[in-house]
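Structure, as structure tokens:
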Amino acid sequence: MPRKLSSDETLDTFEDEILYTRAALEADEDAAELLTETDGWLALVDAQRARDRSARIAETSASAQRAVANGRLDDACIRFAKQLALDVPTSSPRWKRFFSRAPSQWVTQRLVNQIAAVRGWLTIEGDAALDAHRAVLTRWSDAAQAALDRTASSAQVRGAARIGREELADDLTRERDGLHAALATRATERGLPREWPARFFRTETRRGDRDADAPPPAPAS
């Protein structure tokens, strides 16, 4: 029986297996008629490549948007702090209403907490310094939240790609087992050697092919 394919192997390895089998079938006159049994195999790999690419695009896009929005929100908070510092001392209740520690340290907190804090600020009315920065704080806190939402959505796309890869490995394994059975039947019918069916499947895999083209891991929260 051909070896069981694993979802940890690269798509190039799957493709190599298919190309080898198709070439071997075509080269053997007793097996050539079975070549059509493999006609849809490469399309399965191509479909998974598209899913993996979509997962990488979604992941990279979410990561980039999150980094940009986070940086711009930090900038907006620092500019607001500088203007507020011109109006009140950092020991005043008004200052502490916005910043519990130095602004340069305050902006290093988790993005989700920073967004919540800024949105809390935006409910405050009648603060002149805040009003001067309200629009930009609103823009970038909203953008940062959208980036977090997109990160969550990209995890679903990545999960679907991983499931698709597992299904591909299972589907190709079943298809290869079915082809092997057909070859074994033909070997019996035509008096061919018992090991003849195994000749149409590779016995070696690529070096270092584990998960090289799989979707990226989830980012740290």
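The values are calculated or read from the model by the stated rules, or taken from the named source; none is laboratory data. Quick caveat, the model's predicted, so the values are computed rather than measured. Heads up, the Cβs are rebuilt from the backbone with ideal geometry, glycines too, and the neighbour counts pull from every protein chain shown.
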**Message:** Just the residues that are surrounded by fewer than 17 Cβ atoms within 10 Å (Cβ to Cβ) and outside any loop (DSSP other than H, G, I, E, B), please, taken from the range 74-94.
**Reply:** 75, 78, 79, 82, 83, 85, 86, 87, 93, 94
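Could you check how many residues of the range 25-40 are in a helix (DSSP H, G or I) and either in contact with a Cys (Cβ under 9 Å, 6 or more places away or on another chain) or under 14 Å from residue 182 (Cβ atoms) (or both)? Show your work before the answer.
Let us first name the residues in the range 25-40 that are in a helix (DSSP H, G or I), namely 25-27, 32-38.
Remaining after also requiring either in contact with a Cys (Cβ under 9 Å, 6 or more places away or on another chain) or under 14 Å from residue 182 (Cβ atoms) (or both): 25, 32-38.
Residues meeting the conditions: 8.
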**Fill in**
residue 9 vs (1) acidic (Asp, Glu); (2) under 17 Å from residue 200 (Cα atoms); (3) surrounded by 15 or more Cβ atoms within 10 Å (Cβ to Cβ): all pass except (2)
**Request:** Read through the list (1) within 30 Å of residue 160 (Cβ to Cβ); (2) outside any helix (DSSP H, G or I); (3) touching a Phe, Trp or Tyr at 6+ places or on another chain (Cβ under 8 Å), then give the number of the only condition that residue 4 fails.
**Result:** (3)
**Request:** Assess whether residue 180 counts as being under 30 Å from residue 20 (Cβ atoms) and in a helix (DSSP H, G or I).
**Result:** yes
**Request:** Name every residue in the range 12-30 that is free of Cβ contacts under 8 Å to residues at least 60 places away in the same chain and surrounded by 14 or more Cβ atoms within 10 Å (Cβ to Cβ), in order of residue number.
**Result:** 15, 19, 22
**Message:** What's the number of the only condition in (1) surrounded by 16 or more Cβ atoms within 10 Å (Cβ to Cβ); (2) assigned to a helix (DSSP H, G or I); (3) out of contact with any Phe, Trp or Tyr (no Cβ under 9 Å at 6 or more places or on another chain) that residue 192 fails to meet?
**Reply:** (2)
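Regarding the range 66-73, can at least one residue be identified that is under 30 Å from residue 15 (Cβ atoms), assigned to a helix (DSSP H, G or I), at pLDDT 95 or above and within 33 Å of the chain's Cα centre (by Cα)? Lay out the reasoning, then the answer.
Going through the range 66-73, the residues under 30 Å from residue 15 (Cβ atoms) turn out to be none.
Among the residues of the range 66-73, not one is under 30 Å from residue 15 (Cβ atoms), assigned to a helix (DSSP H, G or I), at pLDDT 95 or above and within 33 Å of the chain's Cα centre (by Cα), which makes the answer no.
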**Prompt:** Failed condition for residue 105, given (1) exposed (fewer than 12 other Cβ atoms within 10 Å of the Cβ); (2) at pLDDT below 95; (3) not aliphatic (A, V, I, L, M), with all others met?
**Reply:** (2)
**Asked** Looking at the range 41-59, which of the residues that are surrounded by fewer than 13 Cβ atoms within 10 Å (Cβ to Cβ) and not β-branched (Val, Ile, Thr) is farthest from residue 183 (Cα to Cα)?
**Response** 50
**Message:** For a quick check of your reading of the model, give me the residue pairs whose first member lies in the range 85-108 and is under 13 Å from residue 127 (Cβ atoms) and touching a residue at least 40 places away in the same chain (Cβ under 8 Å), whose second is surrounded by 10 or more Cβ atoms within 10 Å (Cβ to Cβ) and not β-branched (Val, Ile, Thr), with beta-carbon atoms closer than 6 Å and at least 6 apart or on different chains.
**Reply:** 87/129
